[in-house]
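Taking it in order: structure first as structure tokens, then the write-up.
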Amino acid sequence: MKLENQKIRVLIVDDHAIVRKGLRSFLMAFDDLQLIGEASDGDEAIHFCEREQPDVVLMDLMMPRMDGETATTQIRARFPKVQVIALTSFKGDKLVQKLLNAGAIGYLLKNVTADELANAIRSAYQGQPTLSPEATKALINSATQPAQPNLNLTQREMEVLKLMANGYSNPQIAEELSISRSTVKFHVSSILAKMNLNTRTEVVSYALHHHLVD
């Protein structure tokens, strides 16, 4: 447990210098938080954690060399006492799920207030999760959506399926993918067989219902 006069040691990870500057200023406003370092990508963050073992990492997601998801996975595997809060501008359902699966204890958007972020850092240090309302909604959406069936479709079959869902005919698919019409017909037949369906309409309806295509 943190002693009364012991500060929570924080690492900022973001490829934008102006974002790091803003977070640096915010941390200085709270007596119980201490900035011990900054990193501009996930690879730098891992090396820093190896040297300094921060208490909490504020992790951006979209960065060069190594993104936030990969860095979070490695940090949590190698340094389990280090907690990670994803701090990002993105709020997609799948992205939230992936970061939490990677081991992040929090998921916040960059429009969060200083007090909210400070409280999230304190909660993370105590092992308590904090999610933005958008992240919570994303998790609810993921939980209520039907699970995607494992049909073992090949990459080419997925390409054909997406074009079918967009209303392309076999000749149009052949032209779009630069393959022969007979090859398209083969892929369509394979998709029908794997889904155990009889018509293109049924295939498209099934794919949309199970979120196999957008």
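Cβ-Cβ contacts under 7 Å between residues 6 or more apart (or on different chains), taken from a first residue in the range 156-169 that is assigned by TED's automatic domain parsing to the domain that holds Phe186 to a second residue that is assigned to a loop (DSSP other than H, G, I, E, B), are listed as Leu161/Leu153; Leu161/Leu212; Leu161/Val213; Lys162/Val213; Ala165/Val213.
Which members of the range 65-89 meet the condition of being out of contact with any helix residue (DSSP H, G or I) (no Cβ under 9 Å at 6 or more places or on another chain) and modelled with pLDDT under 90? Ser89 - this is the single residue of the range 65-89 that is out of contact with any helix residue (DSSP H, G or I) (no Cβ under 9 Å at 6 or more places or on another chain) and modelled with pLDDT under 90.
Here the range 197-214 is the region considered, the condition is being more than 25 Å from Gly92 (Cβ to Cβ) and free of Cβ contacts under 8 Å to residues at least 12 places away in the same chain, and the residue that is surrounded by the most Cβ atoms within 10 Å (Cβ to Cβ) is Leu197.
Failed condition for Ser132, given (1) among the hydroxyl-bearing types (Ser, Thr, Tyr); (2) more than 18 Å from the chain's Cα centre (by Cα); (3) at pLDDT below 95, with all others met? Among (1) among the hydroxyl-bearing types (Ser, Thr, Tyr); (2) more than 18 Å from the chain's Cα centre (by Cα); (3) at pLDDT below 95, the lone unmet condition for Ser132 is (2). With the structure loaded, tell me whether Ser190 is more than 30 Å from Lys94 (Cβ to Cβ) and either in a helix (DSSP H, G or I) or assigned by TED's automatic domain parsing to the domain that holds Lys94 (or both) or whether it fails that test. Here the answer is no, as Ser190 does not meet what is asked. Restricting Met66, Met62 to those that are over 12 Å from the mean Cα position of the chain (by Cα) and in contact (Cβ under 8 Å) with a residue 24 or more places away in the chain reduces the list to Met66. Within the range 182-196, residues that are in contact (Cβ under 8 Å) with a residue 40 or more places away in the chain have Cβ atoms under 6 Å from residues that are outside any helix (DSSP H, G or I) in these pairs: Lys194/Leu151, counting only partners at least 6 apart in sequence or on another chain. Can you work out which of the residues in the range 175-187 that are more than 11 Å from Arg156 (Cα to Cα) and not in a helix (DSSP H, G or I) is nearest to the chain's Cα centre (by Cα)? So, considering only residues that are more than 11 Å from Arg156 (Cα to Cα) and not in a helix (DSSP H, G or I), the one nearest to the chain's Cα centre (by Cα) is Ser178.
Of the set (1) under 18 Å from His16 (Cα atoms); (2) buried (at least 18 other Cβ atoms within 10 Å of the Cβ), all apply to Leu131 but (1). Could you tell me whether Arg181 is loosely packed, with under 15 Cβ neighbours inside 10 Å and basic (Lys, Arg)? So Arg181 fits the description; yes.
The values are calculated or read from the model by the stated rules, or taken from the named source; none is laboratory data. These figures come from a predicted structure and were not determined experimentally. Virtual Cβ from ideal backbone geometry, glycine too; neighbours counted across all protein chains shown.
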